[in-house]
Each structure stands twice: as structure tokens, then as C-alpha cells.
1. For VAL279 and HIS131, compute 0.36 nm times the residue count separating them, minus their Cα-Cα distance, and round to one decimal in nm.
2. Could you work out how much longer the chain between LEU62 and ARG179 gets when fully extended? Use 0.36 nm per residue separation minus the Cα distance between them, nm to one decimal.
3. Roughly what % antiparallel, to the nearest 5, for the DSSP beta bridges in the range 1-137?
4. Applying the Karplus parametrisation 6.51 cos²θ - 1.76 cosθ + 1.60 with θ = phi - 60° to the phi angles of the range 167-180, what ³J(HN,Hα) value in whole Hz is obtained for each residue in order, glycine and proline being reported as x?
5. Identify which of PHE339, PHE292, PHE270 has the largest mean-square fluctuation in a Gaussian network model of the chain, with springs joining Cα atoms closer than 10 Å.
6. What is the sum of charges around ASP138, taking Lys and Arg as +1, Asp and Glu as -1, for the other residues whose C-beta is under 13 Å from the C-beta of ASP138?
7. Over what distance in Å are the Cα centres of the range 184-219 and the range 271-287 separated?
8. At 37 °C and a viscosity of 0.692 mPa s, what translational diffusion coefficient does Stokes-Einstein give for the range 193-273, taking Rh as the Kirkwood radius over Cα pairs? Give it in µm²/s as a whole number.
Amino acid sequence: MTKANRKSAKLQLIYPGKTEEKKILRKKAAGKITPAVRKKNTLSDSFFSGDNFPVLQHLVPLLEGKVDLIYIDPPFGTGKDFHDIDNDTAYSDKLTDAAFLEFLRVRLILLRECLSPGGSICLHIDKKAGHYVKLIMDEVFGQRNFLNDITRVKCNPKNFARNAYGNYSDMILFYAKKRDRNIFNETGDMLTKKEEESFFRKIHPVHGRYTTNPLHAPGETANGDTGRKWKGLLPPKGRHWRYSRKELDRLDKAGLIEWSDSNNPRKIVFAKGHKGKKVQDVWEFKDKGLSFSDYPTQKNHELLKRIILHSTNPGSLVLDAFAGSGGTLLVAHQLGRHFIGIDASKKSQAVVRKTLKEGKVPCSFYKHIGG
Ligand SMILES: C[S@@+](CC[C@H](N)C(=O)[O-])C[C@H]1O[C@@H](n2cnc3c(N)ncnc32)[C@H](O)[C@@H]1O
């Protein structure tokens, strides 16, 4: 192998039956969508009943570059059927191993084509299949566009009868269409009471809990304003004032600077103005049990809310190609986003109709036939 080849060699998962990407993209769409979809309609709120591969083949020309967020929670390659509360089969998850991976990969390739330049995808999967799926997603979306592997605590701890640790989490793989261009709205996690008391130890007579932060930051400014004396003080060696001297005067006048006994000024930061902690990559959003849900494997709506708020803007288009109960569609609508849902299960179609009707969510329903 030459040096250049070594550098550019792409990591790939090899398994039997893997189709070339260009063949997948060139393949003619099978069957038809009824009623016929017009471009204008696809961009508003719609649900498609049918296998998402041919449905996406039909939709890619209309959706190309338009979807800001894809959330999918596909079957996990468990080899099992999933039943509703009446023990009727809601959907089948019979594909395993290579067949399962290829089923997912061909769909991910079509989904990628739908993403907008600021778009991203969150794929929900368990920890048995997840590490193989990560490699497939690296191939399809590019390793560089991998953003997070989020651990989601899905249930209460259980006592498993096996010689292993408990397993109460699954994973969400988060990729951007283009890293650093993806929509990402920070919504901070609120501090707990305990955290607030520990981070903001002092009490202000009017504004309550507060803490103080240094007024200087690393790095010296050669000739700039932030390197000069303020109130007779120079910033410590190797540091500069965080604010211009005019701003320091303003903060001081407003009572937002605390002076220590040794004449060290620090900025006052109140707990009540805190924007919350940066969301990290371990989340706890437990799902309700089957008896409390409309659909097996139905996901927590607060989880979907977090994902949608972070990765879309009002008016964005959200796509869920394994829509199940339709939770993604409902939450997207409630947050002022548009949605497209796809699912092959008859039970899913019934639950989506019921959920959207109860939520007074307008939606156009389509069906894929033939092929
Ligand atoms: C894990 S469930 C999704 C649950 C959903 N996230 C929720 O909160 O209700 C997976 C879904 O994928 C659907 N599905 C499986 N294969 C499909 C295919 N080829 N095309 C469309 N939907 C499919 C199943 O019918 C099932 O509803």
C-alpha cells in the first residue's frame, strides 16, 4: 500500500449482499404513491403507509436537501415480532445480522439525500446492534460528520438473570449532513436545587443566590484597552480584562462587581439568570410501559422534544421513516415544525391517525401500492 493510499483508505464493514451505493441511488422507484404526491404537499405535514424504501425512492426527488432533522427508531434486528397490548402483531423485526444491516444501510443512503445543508440525523438503536450500525453510519454520512453517541437511560434498573451487568440504556447516534454547519440550538439543562446551592453559595439581599467569576481571562493584550490599568489595577500577569474598561465601570456602577478585602474585583453572577448546563451525552428519558402506550416500543415524547428543539428551527421539516405511534410527528407539530412520517405497519397507521386526530394535527395521508 502506498503512503497516499494508506492515508485515504476508508474503514468499511464487509458483509455478504452489500449493494453498491450508486446502484441504490439509481434504482427505479417501485410501485406508486396514491393519491399522487405534488411537490407542494410533500413539504407540508404528511404520513405515508408502506415500506419506506420505495416510499423514499419516490420522495427523494421532492425532498432532496429539504429535511432539517431525521429521527429514526428502526427495528433493532432482534429476530422478534412486537405485539400491542391485545397481543396483536404491530410489526415484525425478523431480519438479523447482515440482512438487517443492509436493510438499514440502503434506507440511510436515501435518507441522507433528503437532508438539508444544516440537517442532521438521530438514529435510535440498542447496544447489541448499535456498534455495527455506527460503522454503517460512518460509511454513509462520513466519519467526520459523527457528532455524538448518546446513552439514553430507557427504564428503571432491572435484575437480569445472567452473569453480566444490568442493561438499562440504549443509544442515539447523531450525525450532521455537514459537521459544524448543522442547526444546533443550545437549550440548557436546568440546574437541580442541590446544584444551584452548590454553584451559587452566596446570598444577595435583593436578587438571591449568586457566585462570582474572575474579571480577567488568559492571554495578554499588547496595547489594547483590556491590558491597561483599571481603578489602579493591572490584570494579573499573562491575563487581560474580560471587558473593556468602560464596561467594567458600568458593571461596577450597577453593583455587579464584588470587591474582596484584598481589593480583588470579581463579577457577580446570579442563579436566577443562569441559562442551564450544556446538555451532555447521557440522557434519562424513560419510556412508558406497553400498558401506558398506544404502540410497542413507543418513545418518550420529552426525548423527542429535546432532539427536535436542538436540531431544528420553527418551520423546519422533520422526517421519521419508522414512525410507529407517530410521536415524532405530533411533537414536531406541537413545536411549530412540519413533519413527514412513514411506516409499513397497519397498526402504526391506525395509531398515527388516532394520535394526530386527538392532537388536532392536520395531516395528508398517502399509501404506497404495488412494486
Ligand atoms: C421501533 S418501532 C418505532 C417506534 C416509534 N419510534 C414510536 O415512538 O412509536 C419501528 C417501526 O418501524 C416500522 N418499520 C419496520 N420496517 C419498516 C419498513 N420497511 N418501512 C416502514 N416502516 C417500517 C415498524 O412498523 C415499526 O412501527
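1. Extra length from VAL279 to HIS131 when fully extended: 51.0 nm.
2. Length gained, LEU62 through ARG179: 39.7 nm.
3. 45
4. Listing the rounded values in order: 9, 10, 9, 10, 9, 10, 8, 10, 10, 9, 4, 9, 3, 6 Hz.
5. Looking only at PHE339, PHE292, PHE270, the biggest GNM fluctuation is shown by PHE270.
6. +4
7. 14
8. Taking Rh from Cα pairs, D becomes 240 µm²/s.
Only the coordinates and a few stated rules stand behind these numbers; no lab work does. Since this is a predicted model, take the numbers as computed values, not measurements. Quick reminder, even Gly has a Cβ in these numbers, built from the backbone with ideal geometry, and neighbours come from all protein chains shown.
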